[in-house]
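Engineer: Questions regarding the structure given below will be posed in turn.
The values are calculated or read from the model by the stated rules, or taken from the named source; none is laboratory data. All of these numbers come straight from a predicted model, not from anything done at the bench. Don't worry about glycine lacking a Cβ; one is built from the backbone with ideal geometry, like all the others, and counts go over all protein chains shown. The area values use the complete protein model at the heavy-atom level, side chains included, leaving out ligands, DNA and RNA. Shrake-Rupley method; radii C 1.70, N 1.55, O 1.52, S 1.80 Å.
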Amino acid sequence: MEREHPAGGASSLSQEHLAELQQAKRLLEHPGYVARITDVIGMPLEAAVKALPAAWTSKIAAVTNASLTKCLNVANATLRPSGTSSFPKLHSAAVALSGAAGGAFGIAGLAVELPVSTVVMLRSIADIGRAQGENLASGEAQLACLMVFSLGGKTAADDASDSGYYAARIALAQAMSEATVYLAKHSLASESAPALVRLIAQIATRFNVHVSQKAAAMMVPIIGAAGGALLNTLFINHFQDMARGHFTVRRLERLYGPDAVSAAYLQLQG
């Protein structure tokens, strides 16, 4: 029997689930990713991003979009649809290795390294989602995995009154809905399907912020292979945290309904 979803905010959730939601909010709203990279490179990340060559800005955007377009089916094809365990350290180690290879070539290695690391990261995200009860045979769950790449920071278009997490969900809501309908009707996703192209473009805009930050950090002369491995470890750890928060919220939404969980989330102190 399907559980009836109670109305209301924090009062609707049990104390145990409120504590889980509080931890999810801490992960989603306070990632600390920029500060950690700043510590590694020894200079403000904002300054490093501004120093990126203009020619690289469009190249990074193209690589970001292509990486997201290619990786969804590849990453999820290697996972069972359901399960209760995840292996974040294994995926972090794999991404660190690709980062070491890319770091040896600096920013020029990004075009080769990013598609590889993005596939591994998406697989880790999907693994975390599966452990939180997501059925990866579902197109909607697969898209929820892809959406994680959009989390962890606001864009200029976000409403300042919204949390970063819910601002991202609101911004992607229509594109997510259209892509979900498409996947429900087609057993094999087409990279050129307009619904998927629109969704990936919107996610890529947000993901590109993080990729540009990583690319800027890779330009620092002292980075090299060891620094590239560390940057990629920070990179995947960020998205693993976003996945833990995101899929906790989704699991609670399945129990209490989206309205009750969003109300409780917004009432909680960050």
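Engineer: Determine the pairs where a residue that is more than 15 Å from ASN208 (Cβ to Cβ) and in contact (Cβ under 8 Å) with a residue 12 or more places away in the chain, located within segment 47-65, has a partner that is open to solvent by 50 Å² or more (accessible area, probe 1.4 Å) and of a type in the set (A, V, I, L, M) with Cβ atoms under 8 Å apart, the partner being 6 or more residues away or on another chain.
Structural biologist: From residues that are more than 15 Å from ASN208 (Cβ to Cβ) and in contact (Cβ under 8 Å) with a residue 12 or more places away in the chain, the pairs are ALA48/MET219; ALA51/MET219.
Engineer: Let me ask something else about it. Being basic (Lys, Arg), assigned to a helix (DSSP H, G or I) and over 16 Å from MET147 (Cα atoms) is the filter; apply it to segment 49-89 and report the residue that is modelled with the highest pLDDT.
Structural biologist: LYS59
Engineer: So, one more: Residues of segment 190-208 being more than 20 Å from the chain's Cα centre (by Cα) and modelled with pLDDT under 90, which ones? Before the answer, list the steps.
Structural biologist: If we filter segment 190-208 for residues that are more than 20 Å from the chain's Cα centre (by Cα), which is where we start, we get 190, 192-194.
Listed by number, the residues that qualify are SER190, SER192, ALA193.
Engineer: Next up: Limited to segment 18-40, what total is found for residues that are modelled with pLDDT under 80 and open to solvent by less than 20 Å² (accessible area, probe 1.4 Å)?
Structural biologist: Within segment 18-40, residues that are modelled with pLDDT under 80 and open to solvent by less than 20 Å² (accessible area, probe 1.4 Å) number 2.
Engineer: Quick one: count up the residues across segment 184-216 that are farther than 27 Å from ASN232 by Cβ, among the small types (Gly, Ala, Ser) and either in contact with a Lys or Arg (Cβ under 9 Å, 6 or more places away or on another chain) or part of a helix (DSSP H, G or I) (or both).
Structural biologist: Count: 2.
Engineer: Determine which single condition GLY153 fails, assuming it passes every other condition in (1) modelled with pLDDT under 85; (2) under 25 Å from LEU255 (Cβ atoms).
Structural biologist: (2)
Engineer: From (1) modelled with pLDDT of 75 or more; (2) surrounded by fewer than 19 Cβ atoms within 10 Å (Cβ to Cβ), pick out the condition that doesn't hold for PRO221.
Structural biologist: (1)
Engineer: So how many residues does segment 110-141 have that are in a helix (DSSP H, G or I) and at pLDDT 90 or above?
Structural biologist: Residues flagged as in a helix (DSSP H, G or I) and at pLDDT 90 or above within segment 110-141 amount to 7.
Engineer: Does at least one position in segment 41-48 carry a residue that is modelled with pLDDT of 70 or more, in a helix (DSSP H, G or I) and open to solvent by 30 Å² or more (accessible area, probe 1.4 Å)?
Structural biologist: Looking only at segment 41-48, we keep the residues that are modelled with pLDDT of 70 or more, and these are 41-48.
From what's left, in a helix (DSSP H, G or I): 41, 45-48.
After this cut, where a residue has to be open to solvent by 30 Å² or more (accessible area, probe 1.4 Å) as well, the list is 46-47.
Yes, because at least one residue in segment 41-48 is modelled with pLDDT of 70 or more, in a helix (DSSP H, G or I) and open to solvent by 30 Å² or more (accessible area, probe 1.4 Å).
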